[in-house]
Amino acid sequence: MSYALKKMTSRARAGLKEAGRLGLDLLYPRRCPMCDRPVRPFGALICPECAGLPVRALGNTCLQCGTIVPWDRAYCSGCQTNRHLFVRGCAAFSYRSMSRSLYRYKYRGRQEYASWYGLEMTGALKERVRRGRFPKPDYILPVPLSRERERKRGYNQAALLAREVAKRLRIPCREDILFRTRDTAVLKTRDFWERQENLKRAFLVYGNDVKLKSIMLIDDIYTTGATMDACAQALLAAGAENVTFLTLAIGEET
Ligand SMILES: [Zn+2]
Ligand SMILES: [Zn+2]
């Protein structure tokens, strides 16, 4: 195929994709991540009156993980007591203000929320990078679900976010590197240490593309950091230069 023809067909394909998305929005109006009503005006990602509702994780946040902390503290209690394997992390919102939205996103099939979530996560990250607090990633990796869990849910909520962020930052989203070998949620009944051990062995890295690369993990929520550390351990063992993370929501310490 000639170059001009190739360019034309790729443009036509992009046009079709765009038209398809618009058609989909007409048939199934995009819902607002905060109030869940169809978004007005048409084409917007969130209602203008809802955009100010979530609490942004700005201001004083833990220097390592990004948890919202009181003004006189540099680190959250978790980072003061645990040595984490990731170098930095940040989030867009406090979990409290997003919990209902996140529930619908994860368990009620509201995959369309990912567009607005991704936009806000990208904004939060850019702000940190601008302040010189965050290494710029070479690759973006979603925290993987086990195959079983992904099949049940129909999608990996972290992967949808990772694709949105990657598209906006023009950094490759790699879903062919990090895998989850076992479903750690089913192990809830076991004791703490056993669970940690199981989590450590739950992630596998394929290939050696991460060697000397700065890797940013993406997930919906950051809680204790155990999952991030387990992923980071696998990535660092495979030669990654450093591991950071970006999540939609994070806790708050008062
Ligand atoms: Zn709304
Ligand atoms: Zn912290």
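The values are calculated or read from the model by the stated rules, or taken from the named source; none is laboratory data. The model shown is predicted, which means the values in this text are computed figures rather than measured ones. Here Cβ is always computed from backbone atoms with ideal geometry, including for glycine, and neighbour counts include all displayed protein chains.
This table checks each residue for (1) away from ligand 1 (no atom under 16 Å from the Cβ); (2) at pLDDT below 95; (3) in a helix (DSSP H, G or I); (4) not small (Gly, Ala, Ser).
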position	(1), (2), (3), (4)
Ser10	yes, yes, yes, no
Leu24	yes, yes, yes, yes
Asp36	no, no, no, yes
Leu45	no, no, no, yes
Gly89	yes, no, no, no
Phe93	no, no, no, yes
Tyr105	no, no, yes, yes
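With the requirement that a residue be in contact with an Asp or Glu (Cβ under 9 Å, 6 or more places away or on another chain), assigned to a loop (DSSP other than H, G, I, E, B) and modelled with pLDDT of 90 or more, what does segment 146-186 give you?
Asn156, Ile171, Pro172, Arg174, Asp176, Ile177 - these are the residues of segment 146-186 that are in contact with an Asp or Glu (Cβ under 9 Å, 6 or more places away or on another chain), assigned to a loop (DSSP other than H, G, I, E, B) and modelled with pLDDT of 90 or more.
Do you know which of the residues in segment 210-227 that are at negative phi and at pLDDT below 95 is surrounded by the fewest Cβ atoms within 10 Å (Cβ to Cβ)?
Of segment 210-227, the ones at negative phi are 210-211, 213-224, 226-227.
Those left that are additionally at pLDDT below 95: 223-224, 226-227.
Working: Thr223: 15, Thr224: 11, Ala226: 17, Thr227: 20.
Looking at residues that are at negative phi and at pLDDT below 95, I get Thr224.
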